[in-house]
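A short worksheet on the structure shown next.
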Amino acid sequence: MQRRQALKTVALTMGGMLSLPAWANAWRPETVRHTGLLTTDQKTTLAAVVDTIIPETDTPGAKALNVADFLERMVADCQPDEDHTSLKDSLNTLNAESVSKDGKPFASLDSGRRLSLLKSWESGSAAQKKFFGLAKNLTIQGYMSSEYVMTNLTHYELVPGRYHGCVDLKTS
């Protein structure tokens, strides 16, 4: 390796190391969560959907663990564009159906009525089934991989199995 190339490599590495903390400090929950995919009304409806799928009991529900933000981020980052429009259209349709049947937006309904409306979507048209399946799967995935569930309910260990090197053995 030539000296110039080595000096360039070292300079680039040092520049990267110096800029890394500033880059990492720019990550704030409000900047990370904002995808621009859904409107405020759609986010409220989505939060009600995930709360209906996994409600709060003696443990926090999906809404309390911000699973709706996870679902929105997963769709925005990992799904094709047609799924983006499908999610938006489905949330608008669900809200409109709720207003036409009950006179209230989906998020304002009681949990029993929201559950019956989602159950009707589970066996409804192909678009309704697709929305319900996506929402249900991503809600379960987001809930089960949340920090609360991993630390308090499943007792997740980063490295399973401990090594105890020097242990006295008792002989009988």
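The values are calculated or read from the model by the stated rules, or taken from the named source; none is laboratory data. Note that the structure is predicted; figures quoted are calculated from it, not measured. Every residue, glycine among them, receives a Cβ derived from its backbone with ideal geometry; neighbour counts consider all protein chains shown. Ligands, DNA and RNA are stripped out before the accessible areas are found, and what is left, the full protein with its side chains, is counted by its heavy atoms. Shrake-Rupley method; radii C 1.70, N 1.55, O 1.52, S 1.80 Å.
The overall shape of region 72-122, judged from the alpha-carbon gyration tensor, is prolate: a/c is not under 1.5, and a/b is greater than b/c. The magnitude of the dipole of the chain, with charges of +1 and -1 set on the Cβ of Lys/Arg and Asp/Glu and taken from the Cα centre, is near 560 debye. Positive-end ranking of Thr13, Gly61, Trp121 along the dipole of the chain, with charges on Cβ about the Cα centre, is headed by Thr13.
Whenever you get a sec, compute what percent of the accessible area on region 71-135 sits on carbon and sulfur atoms (1.4 Å probe).
The value for region 71-135 is 52 percent carbon and sulfur by accessible area.
Between the residues Val99, Leu38, Met74, the greatest Cα displacement towards the positive end of the dipole of region 33-118, with unit charges on the Cβ of Lys, Arg, Asp and Glu, is found for Val99. Amide hydrogen proximity for Ile54: with H placed 1.01 Å from N in the peptide plane, the residues at 5 or more positions away or on another chain lying under 5 Å are Ala62. Sorting the segments 58-65, 11-18, 73-80, 123-130 by their mean number of nearby beta carbons within 10 angstrom, highest to lowest, gives 58-65, 73-80, 123-130, 11-18.
Summing +1 for each Lys or Arg and -1 for each Asp or Glu among the other residues whose beta-carbon sits under 15 angstrom from that of Thr85 gives -3.
Sorting 156-162, 111-117 by average packing, meaning the other beta carbons within 10 Å per residue, from highest down gives 111-117, 156-162. Taking amide hydrogens as placed 1.01 Å from N in the peptide plane, the amide H of Gly124 sits under 5 Å from those of Lys129, each at least 5 positions away in sequence or on another chain. With a ≥ b ≥ c the root eigenvalues of the C-alpha gyration tensor of the chain, is it rounded (a/c under 1.5), prolate (a/b larger than b/c) or oblate? Here the chain falls in the oblate category. Of all complete DSSP H helices in the chain, those with a Cα span along the helix axis of 15 Å or greater and a mean Kyte-Doolittle hydropathy of -0.5 or more are 3-25, 40-53, 67-78, 126-144.
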